[in-house]
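Take a look at the structure set out below.
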Amino acid sequence: MLHKISVIGAGNVGATLVQRLAEAELSKHVAVVDILEGIPQGKALDILESSPIYGYDTRVVGSNTYDIISDSDIVVVTAGIARKPGMSRDDLLATNAKIVTDVCNNIKKFAPNALVIVVSNPLDVMCHVALQACGFPSNRVFGMAGVLDSARYKTFIAEALDVSVEDVQGFVLGGHGDTMVPLPRYTTVAGIPLSDFLDAATIDKIVDRARNGGAEIVGYLKTGSAFYAPSASVLEMIESIAKDKKKILPCAVYLTGQYGIKDLYVGVPVKLGKNGIEQVVELKLSEAELQELRKSANAVQELVDSLKALVPA
Ligand code: APR
């Protein structure tokens, strides 16, 4: 069991994650920090008071100061402004960059040995901001997007075929945005290629819905963005780290030449274990898939460049 997992941001994603972490008992301590007075304290206490009913012994605390995250094994960054209807993830850029910088300066100070999982959007760019502010090696700073995008993709496939979600294997690559790259060629249902079950037009529709999965939820909620599936996705990543399961999961990671992409955070499959990113898995992509991935990487690069223009380093 880990010693401590901390979550920065006690909003929808952060608080739901704290609840999931407490119930999963992956660490002895769970700490949650937010700038809003009373919110992290109140939510932490509420979750702690559920423990006799659920039977977990996780110690949950909340605070407006960062001292409580000291000695964390993992820190999850969910702080930021959530997307409102009509707002793209990119509109969030400058505001969330400032917030993530402030948060990561505190992680560097109070939890210098932690692995950092970034959730704040626009995700791939916020990973760059976090890497720069923390100054940690890149195997310790990565983002949650691919697990969520893949979960959406798999949900829609299971629904279309009326089969168990457990039978669906597949994942998406690329940036967390409209240019993400689902890979039907690597998607199977109980080991059988997806193309044996569905025609190309139906697969295209599913791929499209997965691409717009975040916006679909925002369209319903109006005042916020998705948080149940995002927090569940972070939990899967943390479980792989805490138990050193070495699951292969799509995460936003800093590429150093893999897939022909250099010095950029892009979603690709990685082996996730106690040391964070333990291996980047390089798939043999077709020319068309590679082009889509590069297009997605270019979209991330453009955002990184526009952030540099807004907030010069
Ligand atoms: N330090 C700590 N917490 C902060 C800071 C800061 N500098 N700035 C904002 N916060 C907190 C807010 O007070 C709020 O409680 O971050 C929390 C964000 O919570 P929500 O607004 O509920 O947003 P949420 O739905 O949880 O999404 C968080 O994850 O999926 C992404 O796009 C989403 O970037 C967003 C992030």
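Most tightly packed first, judged by the mean number of other beta-carbon atoms within 10 Å of their residues, the peptides 47-55, 115-123 read 115-123, 47-55. Grouping the Cα pair distances of the range 2-144 into 5 Å bins from zero gives a pair-distance distribution of 2, 11, 21, 23, 20, 13, 7, 3, 0 percent in increasing distance order. Volume per residue for the range 194-313 equals 175 cubic angstrom (convex hull of Cα atoms). Placing +1 on the Cβ of every Lys and Arg and -1 on the Cβ of every Asp and Glu, with nothing else charged, gives the range 1-91 a dipole about its Cα centre of roughly 220 debye. Temperature 4 °C, viscosity 1.567 mPa s: under these conditions the Stokes-Einstein estimate for the range 258-313, based on its Kirkwood radius over C-alpha pairs, is 100 µm² per second.
The packing ranking, built from the mean of other Cβ atoms within 10 Å per residue, places the peptides 11-17, 61-67 in the order 11-17, 61-67, highest first. Solvent-accessible area of the chain (1.4 angstrom probe, protein heavy atoms only): carbon and sulfur portion equals 52 percent.
In this structure, the residue pairs whose Cα-Cα separation is over 19 Å, taken from Lys243/Lys271; Lys262/Lys308; Lys108/Lys243; Lys98/Lys274; Lys262/Lys295; Lys205/Lys284, are Lys108/Lys243; Lys98/Lys274; Lys205/Lys284.
Evaluated with a Cβ-only charge set (Lys, Arg +1; Asp, Glu -1), the chain carries a dipole of roughly 580 debye about its Cα centre, given to the nearest 20. Solvent exposure of the chain, expressed per residue, is 45 Å² of accessible area, with all protein chains present and a 1.4 angstrom probe. The convex hull around the C-alpha trace of the range 97-178, projected and averaged over every direction, spans 6.4 square nanometres. Between the range 12-40 and the range 180-249, the alpha-carbon centres lie 24 Å apart. Ordered from longest to shortest, the equivalent ellipsoid semi-axes for the chain are 30, 23, 19 Å, each the square root of 5 times a Cα gyration tensor eigenvalue.
Per residue, the chain reaches -13500 deg cm²/dmol at 222 nm when only DSSP H runs of four or more residues are counted, each adding -39500 (n - 2.57).
The values are calculated or read from the model by the stated rules, or taken from the named source; none is laboratory data. From a predicted model like this one, the values you see are computed outputs, not experimental measurements. When we count neighbours, we look across all protein chains shown, and the Cβ atoms used for this are built from the backbone with ideal geometry, even at glycine. Note: areas computed on protein heavy atoms with side chains; ligands, DNA, RNA excluded. Shrake-Rupley method; radii C 1.70, N 1.55, O 1.52, S 1.80 Å.
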